[in-house]
1. Between the helical axis of B:41-58 and the dominant principal axis of chain B, each derived from Cα atoms, what acute angle in degrees is found, rounded to the nearest 10?
2. Which whole number gives the average count of other chain Cβ atoms within 10 Å of the Cβ atoms across peptide B:56-65?
3. Which three semi-axes in whole Å describe the equivalent ellipsoid of chain A, each the square root of 5 times a Cα gyration tensor eigenvalue, listed largest first?
4. What are the extents of the Cα atoms of the stretch B:30-183 along their three principal axes, in Å, largest first?
5. Relative contact order for the stretch A:162-204: what percent, with Cα pairs under 8 Å and sequence separation of 6 or more?
6. Given a cut-off of under 8 Å on Cα pairs at least six residues apart, what relative contact order in percent is computed for the stretch B:122-257?
7. Tell me what chain B gives for mean residue ellipticity at 222 nm when only DSSP H runs of n ≥ 4 count, each as -39,500 (n - 2.57), the sum divided by the residue total, rounded to 500 deg cm²/dmol.
8. Compute the orientation-averaged projected area for the stretch B:122-257 from the convex hull of its Cα atoms and round it to one decimal in nm².
2 protein chains.
Amino acid sequence: MPHFLAVDAGGTSSRATVLTADGTCVGYGTAGGGNPVSAGPEQAATAVVSATKQALRGADLQPDQLISGVAGMAGVSVITGDDWLAGAFRSAGIPIRPVIHPDLLAIFASGSLSLDGYAMVAGTGAIAVRVRGGRIDAVADGLGWLIGDEGSGFWIGQQVVRAATAALDGRGPQTALSALVLQELGIDDDPTPDNLGRPLGLRNTVDAIYHLRPVDLARFAPLAFAVPGDRVATSIIRHAQSALATSLTAVVQPAVVGPLILGGSVLVHQPDLTTPLPQVLTDAGHPADLRPVPDGLPGAAVLALREAGVAVTAQVQAQIAASLPQARAAAGA
Amino acid sequence: MPHFLAVDAGGTSSRATVLTADGTCVGYGTAGGGNPVSAGPEQAATAVVSATKQALRGADLQPDQLISGVAGMAGVSVITGDDWLAGAFRSAGIPIRPVIHPDLLAIFASGSLSLDGYAMVAGTGAIAVRVRGGRIDAVADGLGWLIGDEGSGFWIGQQVVRAATAALDGRGPQTALSALVLQELGIDDDPTPDNLGRPLGLRNTVDAIYHLRPVDLARFAPLAFAVPGDRVATSIIRHAQSALATSLTAVVQPAVVGPLILGGSVLVHQPDLTTPLPQVLTDAGHPADLRPVPDGLPGAAVLALREAGVAVTAQVQAQIAASLPQARAAAGA
């Protein structure tokens, strides 16, 4: 029986499953970050191969029982070609050349079998795409923490820390976020002035923030949702909602009809953020069909079968959804 | 005749002068960055000692002809003590222990002999201070590029790049800043879509931005002032003005009367930014006395004499102002 490989490679982990043409996932593997931009192609390829081998072992399959495969990957727009991944598979004795698709397409396919529609992901970063004919047709934002990713976990977390410290600095309105940020960092709200007259609590907070990597500011994003009624926090959430709606508006077209698939930890766990998104769809004449999905691996499995010429029906999709958790559990992951 | 050392140590350069009690600067030296936080204490001390030696040589003086000295330095609030600098002077055979003052105090003294007043610096960063009794009494902002420095060169430059790329991305209004940012980076405005549908001009811009250090975004700040009438650029300038006014408001008190000394490349070269500042002073009952100063070295000279017990009169101040450029010219700097 032919088997197919599906991989969802992200910044923090890579996950692989091996499945049959009816959508039955028979093996599962996981490894470290597989984003070829942030981790580098070599390390990303190593992670993807490692997750693949683990999935094969779990399914008690030999590498040559794989027919083909698909890998959903972030950052592929800035990596040319796929030799870096194909070479790693060849070296590992796995006789397939995985087709690389953008991770956004895998997210979309996790939520819909349609060939047209939209996907938006907000985790540490934020991006919206239009899908047309089973391919990414347009993109908005995803420009990274320094100049884009508006409404993302990083963006919200940075606004939270800005507002919390501005209040302690006497420049911004009082907000419950100040106490929460200090608590998150384990810092006392010590009002004793340092030699410039800056409260020690603020000075120690600033020092702690600059010892983090910038993207780590995403860890403060949940605080914005932890103080309902706080006007400063509410304003941050409103701006994030508006930024996400703007990104979606930039890709929505009346002629491209389909659901909006939502992914990423921030968008999936903070449904507040999606409040203005249905209106963007209905303004374009589309149904307000929003579907959050936990990850892109089921979609990568759909793409893997489709790439191999298998007609992926609702029944096949249901079989992927039912068998993937079992394969994961069997792998102890 | 006793001589005194004055140093202005900044992130990109350290400058030193040797002067007599009547304010005559007889030597001048310059060296690399002397900010103990960004360059590290060891490298900062080496730079300050190097500039000092050069100033002594130019004045044809031996180290033991120095009586005392003052160094104006950024970042001193996060460095404890002055042993790191005193030790470097001892090792170099210069028998003084320079007194370290915040660079903001030196900027203030460059513009005023008053013991009370205000200083605001906006270069790559932005900070406002209240001076009372010749000491820094309160501070606002100066929290760095990641969470503060609102209205600074970095802040403006980041907004410029955000707006320029958002326009190319279809998320923001059209602006002349897009063409200027691409031109600054030497990138063609190529509309050809990449595999995600993103125009190549935008994609190449994003790649180029992430090859810079974040603080290098300050180089795009002048673009905001280069397109008068552009609504997006005007809005960025308005927000910067407002942020700077908010920082000044946080430190101004009716009881502390004195001028506002302005420093830093952005504030000195873009007088537009200071538009709302006079109102902040008059709202507190103060005269709208704003004085831009080119740098903190004349002020460090004032502080050096004052620290040595010399009464710094307007005549002494004028002598510093007249002789410092001569000493600098004699040093070929």
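The numbers here are math on the coordinates, done by the rules we state, and not lab data. These numbers come from a predicted model, not from an experiment. Note that we place each Cβ from the backbone using ideal geometry, even for glycine, and neighbour counts take in every protein chain shown.
1. Long axis of B:41-58 versus the principal axis of chain B: about 60 degrees.
2. Mean partner shielding for this stretch: 0.
3. Result for chain A: semi-axes of 40, 24, 16 Å.
4. On the principal axes, the stretch B:30-183 reaches 66, 35, 28 Å in Cα extent.
5. Values: 50 pairs, mean separation 13.0, N = 43.
Here the relative contact order equals 30 percent.
6. Result for the stretch B:122-257 is 30 percent.
7. -12500 deg cm²/dmol
8. Projected over every direction and averaged, the Cα hull of the stretch B:122-257 covers 9.6 nm².
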